[in-house]
Amino acid sequence: MNSHKILKILLIFGGVVEIVIGLLFMVLDFYLEQVGFEIIPIFTQMAGVFLFGYGILLIYSSRDVEKYAIIPLVNILIRIIMIVCGILSLLIYPEFFIILLIALPYDLLWSIFIFILLVKQGIILKKNNIEVKK
């Protein structure tokens, strides 16, 4: 399987994961209340809608990766920021250790694989072959 096909599959997979997590976030406030966390429901719902929408964008970007490369690049940036936030959250909410133990490595590995495949395909960080005229 070539790297272009792997890139498309990973974008679709990442999009589906984002959509599922987004849907879970939309109803997460009920479960957090059961555990004893007091939250403002609109924040989890907004996070869910954002993740759901971003999942759709990732799936859409798999149709023409060269044209929509900015979508996975921004997603990589967001995931890296979320990894930092997740590590900080472990200090405050150790109850989420199991969830973050799964989520943080997934985000890191997905980001690394997508970035490497984007570079390998020459979609980002292209070497410009400019000839110097004498």
Exercise. Looking at (1) open to solvent by 60 Å² or more (accessible area, probe 1.4 Å); (2) under 25 Å from residue 5 (Cβ atoms); (3) in a loop (DSSP other than H, G, I, E, B), which is the one condition that is false for residue 56?
Worked result: (3)
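When you look at residue 39, is it modelled with pLDDT under 95 and closer than 30 Å to residue 119 by Cα, yes or no?
Taking the combined requirement at face value, the residue does not satisfy it.
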Exercise. Exactly one of (1) at pLDDT 90 or above; (2) open to solvent by 60 Å² or more (accessible area, probe 1.4 Å); (3) among the charged types (D, E, K, R) is unmet by residue 107. Its number?
Worked result: (2)
Problem set entry | Extreme residue, least open to solvent (accessible area, probe 1.4 Å), among residues of the range 2-53 that are within 30 Å of residue 120 (Cα to Cα) and aromatic (Phe, Trp, Tyr) | 52
For this session: Filter the range 37-62 for residues that are of a type outside the set (S, T, N, Q) and touching a helix residue (DSSP H, G or I) at 6+ places or on another chain (Cβ under 6 Å) and give the result.
Result: 39, 41, 47, 48, 51, 52, 54, 55, 57, 58, 59
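The values are calculated or read from the model by the stated rules, or taken from the named source; none is laboratory data. Computed from a predicted model, the values in this text were never measured in an experiment. Neighbour counts run over all protein chains shown; Cβ positions are idealised from the backbone, glycine included. Note: accessible area is taken over every heavy atom of the protein model, side chains too, but ligands, DNA and RNA are not part of it. Shrake-Rupley method; radii C 1.70, N 1.55, O 1.52, S 1.80 Å.
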